[in-house]
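Right, one structure below, let's go through it.
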Amino acid sequence: MWKFSVRRILIMIPQIILLSILIFILAKMMPGDALSGMVDPNVSPERLEELRESLGWNDPWYVQYGDWVGGVVQGDLGQSFRFKMPVSEIVGQRIINTFWLSLATLIFTYLIAIPLGITSGRYNDSLLDQAITSYTYIGFATPLFIFALVMLWVFGFMLGWFPTSGSVSPGLEPGTFEYVMSKIYHLILPAIAMALITTVNTVQYLRSEIIDTKQKDFIITARAKGASESRVYNRHILRNSLLPLAAFFGFEITGLIGGTIFVENIFGYPGMGQLFLESITLRDYSVVTAVTLLFGIAAILGALLSDIILSLVDPRIRIK
Amino acid sequence: MSEKLLEVKNLKTSFRIKDDYYAAVDDVSLSVNKNEVLAIVGESGCGKSALAFSIMGLHNRAKIEGNIMFKNQDIANISPAKLNKLRGNNMGMIFQDPLTALNPLMEIGDQIGEALLLHNKDLSKEKRKDKVIQLLTKVGIPRPEHVYEQFPHELSGGMRQRVVIATAIANEPELLIADEPTTALDVTIQSQILDLIKELKDDMDAGIIMITHDLGVVAEMADRVAVMYAGQIVEVSDVYTLFESPLHPYTRSLFNSVPNTAEAQSKLHVIQGIVPSLQKLPREGCRFSARIPWVEESAHEEHPELHEVSPGHFVRCTCYKHFNFPDSSKEEQQHGIS
Ligand SMILES: Nc1ncnc2c1ncn2[C@@H]1O[C@H](COP(=O)(O)OP(=O)(O)OP(=O)(O)O)[C@@H](O)[C@H]1O
Ligand SMILES: [Mg+2]
């Protein structure tokens, strides 16, 4: 178990290094920089050039990369031109917001996917299954940002059931019960909107896992032992079909990252996704690179987590 | 005559393919007594497993017609709850493929223990474990305590087949259906497994249906033999009669197509063609006629039936009378047998 986890964690190191190089090069290739975005006619081009030189932006890329990585390792993600403060400080609160939003979305994703997938797989080709499958097709076909807009409009503006922006009501003291409740209240609508769309992958995956497991030989063995149909489902089919969902978890995380970018912007939710888009528009590249790097690391961690979960629960790859 | 344990009457098992039903088992009648081994032989795809599954009620979406009388109770038309009381308890089945017959995520001990648990709720956990260890020992698994906690992927094919057998016999069934229990295994393990099944028969007075296409197994194990072709029984008799004087051309081809060392293996007596797929099965007349085209049509019955040629020896169709199975390879060529 430990050997496996350590080995698996070691694999991450080259992954992360490669990721950081890629991100760095892409960032350098983007047109313009934070200074060219400054529309201050009083600053002369010579002065800009001086600034660039002093910031080290004229050095070869690997020198710049070395400086950047050196900083990142020490928690210095650079300086935001827009906020005029360290990127790490800007990211700090938002990463927590995005974490909660993602967690809530994950919970809703599974709350929706597991009962639907199970029903659809167990009674496949029934009317119920057809209804669920139709939902998944609609989910596949609907762009998340349009769906999120509709949800916001209906439940936020028309019905007024949920707040339409922010992550917490202003004026509340952090740590109080009201504060926590307000945070949750702000989470629910974006999380559900995202979950309803992203869950369709999981529903389909679970459905096909169950249909697949249903016709395995060991299911027949269980029936031949005299197990009732409900026992066959709960003890044999479900357990064996839910397990692969753990392997699906890493994929889920990647989907979430893409999702938060849309959803946070639409719901005005101050998280990493919103920061990401804003920073791109304003060419605040030190923030963009930092956020991209963090997204990438989250995806790698998600894959790691799903591998470790799988190694814990699947005896076939469990290392004793 | 000893006591009749199982009597199958006019069983027809049909699978739905697209919009039609096709019978994989067609009008099969057979019986098994206590302490008797009935062997069912026939080439791949002739419906042996489909027959076994029908008896155990394991077909999911098949149409089952006819009667399956188990101890004078028709189990073809019985509630699932009642059937579940019999399955794994009064009747057990050993499956064809030991590699897939076990749940990959369940410990061996739990899989065998499940059969005990389902039919004896009062058995304490400790007693159940003891019984499982006993069963593992009985089927010849070394270090049973260790294997108890292992998962299927940690065991070899032979060991897994033993586990499957231990599961099937956990509750000392009166009827044991063994679907090619040894095909997946190598020869030495094969004979151990057969010995084990024989032992069970003698110990428990069980009736056994032994499905195989290995005539060696038949000779060693069987009291009676039913030969299946294309979903039907074409010949049935006691094992001596069948080996001495096989009548149906298909049975005779089976015997001749077993390579024996004396008659060089280069001259295998195999009848042309293969068993047709389910949808292409001939449904009228003698199903075997297409594979013996040199026998004239008038030799076949229009609706071939089983005829009792001597007490307990039944043959389907009348074509056997006109069929001259070549004994020498010369004639063989004349008749166009490849
Ligand atoms: N569930 C099913 N649905 C449709 N057709 C089936 C099904 N099960 C079996 N068949 C068909 O029924 C026929 C008989 O199959 P069966 O498995 O009984 O053969 P078998 O005699 O056991 O062969 P083998 O020696 O290879 O095990 C085959 O043509 C097979 O394709
Ligand atoms: Mg078979």
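The values are calculated or read from the model by the stated rules, or taken from the named source; none is laboratory data. Everything quoted here is computed from the prediction, not taken from an experiment. Here the Cβ positions follow ideal geometry from the backbone for every residue, glycine too, while neighbour counts run over all protein chains shown. Just the protein is used for accessible areas: all its heavy atoms, side chains included, with ligands, DNA and RNA removed. Shrake-Rupley method; radii C 1.70, N 1.55, O 1.52, S 1.80 Å.
For region B:93-103, a residue qualifies if it is within 7 Å of another protein chain (Cβ to nearest Cβ) and open to solvent by less than 30 Å² (accessible area, probe 1.4 Å), and the qualifying residues are B:MET93, B:PHE95, B:ALA101, B:LEU102, B:ASN103. Among the residues making up region B:168-204, those that are more than 16 Å from ligand 1 (Cβ to nearest atom) and open to solvent by less than 10 Å² (accessible area, probe 1.4 Å) are B:ALA168, B:ILE169, B:ALA170, B:PRO173, B:LEU175, B:LEU176, B:ILE193, B:LEU194, B:ILE197, B:LEU200. Residues considered: A:SER241, A:SER279. Of these, the only one that is more than 14 Å from chain B (Cβ to nearest Cβ) and crowded, with 23+ Cβ neighbours inside 10 Å is A:SER279. Remark: pairs (first residue in region A:106-128, more than 17 Å from A:SER241 (Cβ to Cβ); second residue charged (D, E, K, R); Cβ separation under 9 Å; 6+ apart in sequence or on different chains) = A:LEU106/A:GLU252. For beta carbons closer than 6 Å, sequence separation of 6+ or different chains, a first residue in region B:40-51 that is more than 15 Å from B:LEU254 (Cβ to Cβ) and at pLDDT 95 or above and a second that is more than 8 Å from ligand 2 (Cβ to nearest atom) and part of a helix (DSSP H, G or I), there are no qualifying pairs.
Would region B:38-51 turn up any residue that is surrounded by 21 or more Cβ atoms within 10 Å (Cβ to Cβ), within 14 Å of chain A (Cβ to nearest Cβ), within 16 Å of ligand 1 (Cβ to nearest atom) and not acidic (Asp, Glu)?
yes
Looking for something within 14 Å of another protein chain (Cβ to nearest Cβ), out of contact with any helix residue (DSSP H, G or I) (no Cβ under 9 Å at 6 or more places or on another chain) and farther than 23 Å from B:ILE55 by Cβ - is there at least one such residue anywhere in region B:123-142? First the steps, then the outcome.
Going residue by residue through region B:123-142, those that are within 14 Å of another protein chain (Cβ to nearest Cβ) are B:128, B:132, B:135.
From what is left, the residues that are out of contact with any helix residue (DSSP H, G or I) (no Cβ under 9 Å at 6 or more places or on another chain) are none.
Among the residues of region B:123-142, not one is within 14 Å of another protein chain (Cβ to nearest Cβ), out of contact with any helix residue (DSSP H, G or I) (no Cβ under 9 Å at 6 or more places or on another chain) and farther than 23 Å from B:ILE55 by Cβ, which makes the answer no.
Scanning region B:139-154 for residues that are away from ligand 2 (no atom under 16 Å from the Cβ) and touching a residue at least 60 places away in the same chain (Cβ under 8 Å) turns up nothing. The listed residues are A:GLY226, A:GLY175, and the only one of them that is of a type outside the set (A, V, I, L, M) and either in contact with a Lys or Arg (Cβ under 6 Å, 6 or more places away or on another chain) or within 14 Å of another protein chain (Cβ to nearest Cβ) (or both) turns out to be A:GLY226.
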